[in-house]
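First up is the structure itself, then whatever we jot down about it.
The values are calculated or read from the model by the stated rules, or taken from the named source; none is laboratory data. This one's a predicted model, so the numbers in the text were calculated from it and none came from an experiment. Every residue, glycine as well, gets a Cβ built from its backbone with ideal geometry; the counts of neighbours run over all protein chains shown. In case anyone asks, the SASA skips ligands and DNA or RNA and just uses the protein heavy atoms, side chains included. Shrake-Rupley method; radii C 1.70, N 1.55, O 1.52, S 1.80 Å.
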Amino acid sequence: MAVFEDESEFIFTVDGKQIGTHKGIIKTEELVDKPFGGTFHTHTGQKFVALRPRFVDEIYHMKRKTQIVYPKDMGFILLMLDVKEGDKVIDAGVGSGAMCAALARAVGSCGKVFAYEKREEFLKLAEENLRKWGLLDRVVLKLKDISEGFDEVVDAIFLDVPDPWNYIRQCYDSLIGSGNLAIVCPTTNQVQQVVDELQKNGFFQIEIWESLFRQYKTNPERLRPFDRMVAHTAYMIFARKKYF
Ligand code: SAM
């Protein structure tokens, strides 16, 4: 990726093509075999640094047709789901594939993510994104409405659909004992319905979280936060399966 002095960023593949930017054209053929971290110039002489994109950069720049799970929430969800190398997990609905990719990275090459989506156009987009990131072989993409239930029993489930309270029984049936469930909802009304269903359906250790992240400007003489912040993304609900 190219990062200019004004902090604007462009993610691209070094494939010989030219990339148009507001600072001039980047000729990617000039970057072949050059080390990451080097400084280069556009055709108008504007400087940029070539960096290897981090996964978080890919998420911010990814092609999306749905709301995605934001990086500020993603890391915490992975920890609370306790997803690790070799695990089997369910992701529903897969949407644009952001959280699915995070799960696929966490389960490693020995694990699997079973990713459910009811709309074909979103499933295709998720497939495209996962292929681009080299994660497709860790994911089983399923075009299926989760009201019909899941086909696997797994270590953890991540649920990101508009009406999650309708699928709590399906989640219970597909989790191992003490397995972890994470649900995201943008509104408190949804949270209320979810918690009610979790309590009625054998879930335990229920927690509700919201993460507030504030970024700071990097001027040492005037160290202060940015004026604007992403104040709200979603509430995160976590629960664990116990036997009745
Ligand atoms: N977590 C995704 C990400 O990080 O990119 C975004 C998920 S998006 C907000 C919600 C998705 O759930 C949509 O793509 C929608 O089509 C899908 N969905 C909604 N209800 C569903 C159902 N009953 N079965 C399967 N998928 C469903």
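Some points to look at:
- Residue selection: SER178 fails the criterion of being open to solvent by 30 Å² or more (accessible area, probe 1.4 Å) and farther than 17 Å from LYS88 by Cα.
- Candidates PRO162, PRO225, filtered to the one that is within 16 Å of the ligand (Cβ to nearest atom) and either without any contact (Cβ under 8 Å) to a residue 60 or more places away in the chain or over 20 Å from PHE76 (Cβ atoms) (or both): PRO162
- Those residues of the stretch 206-244 which are open to solvent by 100 Å² or more (accessible area, probe 1.4 Å) and under 24 Å from ASN180 (Cβ atoms), in sequence order: TRP209, LEU212, PHE213, TYR243, PHE244
- For the criterion of being open to solvent by less than 30 Å² (accessible area, probe 1.4 Å) and of a type outside the set (Ser, Thr, Tyr), GLY20 fails.
- Taking the listed residues MET99, MET80, the one that is open to solvent by 20 Å² or more (accessible area, probe 1.4 Å) and within 30 Å of SER178 (Cα to Cα) is MET80, with no other qualifying.
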